[in-house]
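**Q** Quick one: the structure is below, questions incoming.
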């Protein structure tokens with residue numbers, strides 16, 4: 001076909017066909033741009049997940065301590081003091097945290113009929129309560145002290161651990177025939193002080209993970 005004839009044929013192409021071809025080209029370009037956007041978004045999500053996982057990575061450190069700690073608050077005993085005796089469900093309603101299970105790390109919770117919260121005319125003045133767990137053979141024990149007042153396991157040079165992104169203080173005492181492990185963590189403004197005997201370090205860390213996961 002001669003050049004002149006080619007130009008004439010092009011000039012006779014329907015305008016609708018030209019517009020359709022242009023629209024198809026734009027649509028294809030849009031799909032390419034969208035695919036690039038989706039790919040970039042996916043890469044960004046992967047980076048965020050990796051960063052979050054790194055942030056959530058557990059960091060375990062056991063401080064050397066001599067004895068278990070007690071609450072900073074002393075139990076009052078004057079004529080203005082009254083005692084509230086909630087049951088198990090009412091106790092956790094008061095603390096505002098998830099109720100502990102009856103079985104924890106293959107240890108069974110020892111039943112208590114009631115717990116104790118002390119108050120006077122100014123309000124609550126002492127609310128430390130204890131959950132006791134024990135294995136069937138009695139060789140493993142776990143005590144969880146719960147209070148809205150801070151305990152005293154921490155020292156000025158205590159190194160913090162982190163489990164599931166939650167900071168806590170952990171310790172071990174080798175003063176007896178078998179090590180005693182301790183941990184203190186604050187969850188929703190409630191302090192948990194956990195003491196375990198008859199378990200090894202790995203088992204104790206698993207217990208703390210289970211407790212933190214339960215409360216989160």
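**Q** Output the residues belonging to the stretch 131-151 that are assigned to a loop (DSSP other than H, G, I, E, B) and over 16 Å from residue 181 (Cβ atoms).
**A** Listed by number, the residues that qualify are 136, 137, 138, 148, 149, 150.
**Q** Within the stretch 119-130, does at least one residue satisfy the condition of being modelled with pLDDT of 95 or more and part of a strand (DSSP E or B)?
**A** Yes, the stretch 119-130 contains at least one residue that is modelled with pLDDT of 95 or more and part of a strand (DSSP E or B).
**Q** Is it the case that the stretch 149-160 has a residue that's in contact (Cβ under 8 Å) with a residue 24 or more places away in the chain and within 16 Å of the chain's Cα centre (by Cα)?
**A** Yes: the stretch 149-160 contains one or more residues that are in contact (Cβ under 8 Å) with a residue 24 or more places away in the chain and within 16 Å of the chain's Cα centre (by Cα).
**Q** Output the residues belonging to the stretch 87-96 that are crowded, with 17+ Cβ neighbours inside 10 Å and either touching a strand residue (DSSP E or B) at 6+ places or on another chain (Cβ under 8 Å) or not assigned by TED's automatic domain parsing to the domain that holds residue 130 (or both).
**A** The answer is 91, 94, 95.
**Q** The conditions are (1) part of a strand (DSSP E or B); (2) crowded, with 17+ Cβ neighbours inside 10 Å, and residue 199 fails exactly one of them. Which is it?
**A** Status for residue 199: all satisfied but (1).
**Q** Here is a follow-up. Given the criteria surrounded by 18 or more Cβ atoms within 10 Å (Cβ to Cβ) and not in a loop (DSSP other than H, G, I, E, B), does residue 191 qualify?
**A** Yes; evaluated as a whole, the condition is true for this residue.
The values are calculated or read from the model by the stated rules, or taken from the named source; none is laboratory data. Bear in mind that the values here come from a model prediction, so they are computed numbers and not experimental data. For neighbour counting, all protein chains shown are included, and Cβ atoms are generated from backbone atoms with ideal geometry for every residue, glycine included.
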